[in-house]
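All remarks here apply to the structure that follows.
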Amino acid sequence: MPHELAPLPYDKAALEPHIDAATMEIHHDRHHKAYVDNLNKAIAGNAALEAKSLEALIGDLASVPDAIRGPVRNNGGGHWNHTFFWNSLAPKSGGTPSGKLGDAITAAFGSFADFQAKFEAAGIGRFGSGWAWLVSNGGKLEIVSTANQDNPLMGKAISGVEGKPLLGVDVWEHAYYLKYQNKRADYLKAVWNVINWSAVAARL
C-alpha cells in the first residue's frame, strides 16, 4: 500500500485530561485508519497516483480522474489533516508561544489572547464538520477554516482558503464528543493545553 497509518507520536492517554484516551484510540485507530484504507482503495491500480506523495496528491486534485476525485479529496485530506494534527499536539505542552512565532502572532492579532479568541471563533463557527487553521499567507498569519477534510494545501479554488498550514485543529464531532458532547467551545479551550508550539514554530 502506498500510504500507511503512522503510530501516534505519544501514548493514547498522554493528552489526558484534555483529550481522553478513548477518544484518541477511536480517532486514530478507527477514523484515521479508515481514511488511509479508503485512500489506498481509491487510487489502487493507478500507478501515477500511487507514486505521488500525499502532499502532491492532494495539492493537485485537478490531475485526479473525476471518478475518484471525491474519494481522494476526502480521504487524502483526512489522512494528511490527521497526521498534521497528531504532530501539532504533545503532552505537557501548551502555554504561550515565544520567539518568532509569538512575535508574529502578536503582530497579526494584537495579542495571544486575541489570537486564541479568534481561532476558537473560527472553530465554533464552522458549521458541521471541519477544521480551524492558522496559516502563513505570503508571510502574514491568518486564521481560516475549512469544511470536512479540506485543507489549505488544496488551494483556494477547492478548499476556499490558501496559505501554508502552521496549526490545524479538528472540529469534527468524533474529535471531542465522548468527553465534551456538544460543547465544542469547551474542547477548543481545552486543546490549548496540548498544542505543541515547538512544532508550530518549526513550520513557520
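General observations
- Cα→Cβ-extended label distance, 7 Å offset, between Glu25 and Lys100, nm: 4.1
- In terms of its alpha-carbon gyration tensor, segment 98-173 comes out oblate; a/c meets the 1.5 threshold, while b/c is at least as large as a/b.
- Using 0.36 nm per residue and subtracting the Cα-Cα separation, the extra length available between Glu16 and Ala108 on full extension is 30.0 nm.
- Percent RCO, i.e. relative contact order, over segment 105-160, from Cα pairs under 8 Å lying at least 6 residues apart: 26
- Karplus-based coupling profile of segment 131-146, in residue order and whole Hz: 9, 10, 10, 9, 10, 9, 10, x, x, 9, 7, 9, 10, 9, 9, 10, with θ = phi - 60° in 6.51 cos²θ - 1.76 cosθ + 1.60 and x standing for Gly or Pro.
- With a Cα cut-off of under 23 Å and a minimum spacing of 8 residues unless on different chains, the lysine pairs in the chain number 26.
- Gain on full stretching of the segment that runs from Lys118 to Ala56 - 0.36 nm per residue minus C-alpha separation: 19.3 nm
- Global geometry of segment 136-204, whether rounded, prolate or oblate, following the gyration tensor of its Cα atoms and the 1.5 cut on a/c: oblate
- Annotation: amide H-H contacts under 5 Å for Leu166 (H modelled 1.01 Å from N, sequence separation of 5 or more, or interchain): Leu134, Val135, Ser136.
- Applied to segment 75-85, the Karplus parametrisation 6.51 cos²θ - 1.76 cosθ + 1.60 on θ = phi - 60° returns per-residue 3J(HN,Hα) values of 7, x, x, x, 5, 5, 4, 5, 4, 5, 5 Hz, with x for Gly and Pro.
- Applying both filters, DSSP loop and at most 13 other Cβ atoms within 10 Å, to the chymotrypsin sites (Phe, Trp or Tyr not before Pro) of segment 109-191 gives Phe127.
- In the chain, Rg over Rh equals 0.96, where Rg is the alpha-carbon radius of gyration and Rh the Kirkwood radius from pairwise Cα distances.
We did not get these values from a lab; they are worked out from the coordinates using the rules stated. For clarity, every value in this text was computed on a predicted model and none was experimentally measured. With ideal geometry, Cβ positions are generated from the backbone for all residues, glycine too; neighbour counts draw on all protein chains shown.
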